[in-house]
1. Kindly check whether there is at least one residue in segment 92-105 that is modelled with pLDDT under 95 and in a helix (DSSP H, G or I).
2. Hey, residue 174 hits all of (1) assigned to a loop (DSSP other than H, G, I, E, B); (2) in contact with a strand residue (DSSP E or B) (Cβ under 9 Å, 6 or more places away or on another chain) but one; which does it fall short on?
3. Which one of these does residue 181 not meet: (1) within 19 Å of residue 139 (Cβ to Cβ); (2) out of contact with any strand residue (DSSP E or B) (no Cβ under 8 Å at 6 or more places or on another chain)?
4. Could you tell me which numbered condition residue 121 fails, if it satisfies all but one of (1) in a loop (DSSP other than H, G, I, E, B); (2) modelled with pLDDT of 80 or more; (3) loosely packed, with under 10 Cβ neighbours inside 10 Å?
5. Based on what the data block shows, is residue 80 modelled with pLDDT of 70 or more and either part of a helix (DSSP H, G or I) or exposed (fewer than 11 other Cβ atoms within 10 Å of the Cβ) (or both)?
């Protein structure tokens with residue numbers, strides 16, 4: 001309440017000061033003197049000052065009314081923007097616009113040994129053997145053995161382990177670049193356990209990709 005009265009008084013005083021100190025008061029006094037032929041009494045000056053006070057009060061009310069009107073328009077504009085933003089956000093979060101993440105597929109593991117997978121080509125042609133092993137492609141296989149060798153490529157390492165038995169199928173294991181540091185320090189003969197996704201099965205070798213070291 002006091003702050004409102006103080007603000008109102010400041011506005012009235014601001015306008016009244018400009019009216020009193022401006023040229024309007026002097027013009028009225030000069031015109032009155034010329035018209036009457038004599039100096040105006042102080043009572044007239046007081047009435048003029050009172051009139052200026054009333055006019056200053058009106059100007060102060062007008063300024064406040066303009067501010068309230070502009071403030072209301074700004075509030076309406078902000079509410080409209082907030083409403084539009086809310087609508088856009090709701091649309092963005094709707095079921096149609098939400099990107100559904102693919103479900104994490106559970107790994108299916110093949111229990112057959114590497115030798116057993118390769119033996120599926122025995123006694124049949126290559127295309128018949130490929131038909132036999134097709135159902136194992138894309139499945140996962142766990143293997144263990146002694147580290148034999150590695151070859152580095154731009155997309156990672158290819159690792160081999162000692163063949164058991166010696167005349168058994170050749171096993172190739174691809175590790176992506178995220179495993180470079182681990183694979184780079186493996187030593188020949190070191191026991192390793194690997195988990196990889198079966199990429200290819202042939203008569204003489206099996207190829208695993210996306211391999212992990214246990």
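The values are calculated or read from the model by the stated rules, or taken from the named source; none is laboratory data. What you are looking at is a predicted structure, and each value in this text was computed from that prediction instead of being measured. FYI the Cβ positions are ideal-geometry reconstructions off the backbone, even for glycines, and counts take in every protein chain you see.
1. yes
2. The single condition residue 174 does not satisfy is (1).
3. Of everything listed in (1) within 19 Å of residue 139 (Cβ to Cβ); (2) out of contact with any strand residue (DSSP E or B) (no Cβ under 8 Å at 6 or more places or on another chain), residue 181 misses just condition (1).
4. Residue 121 satisfies all of (1) in a loop (DSSP other than H, G, I, E, B); (2) modelled with pLDDT of 80 or more; (3) loosely packed, with under 10 Cβ neighbours inside 10 Å except (3).
5. Numbers: modelled with pLDDT of 70 or more: yes; either part of a helix (DSSP H, G or I) or exposed (fewer than 11 other Cβ atoms within 10 Å of the Cβ) (or both): yes.
Yes, satisfied.
For every residue, the table says whether it meets (1) assigned to a strand (DSSP E or B); (2) under 26 Å from residue 105 (Cα atoms); (3) under 35 Å from the mean Cα position of the chain (by Cα).
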{"site": "142", "(1), (2), (3)": "yes, yes, no"}
{"site": "146", "(1), (2), (3)": "yes, no, no"}
{"site": "189", "(1), (2), (3)": "no, no, no"}
{"site": "203", "(1), (2), (3)": "no, no, no"}
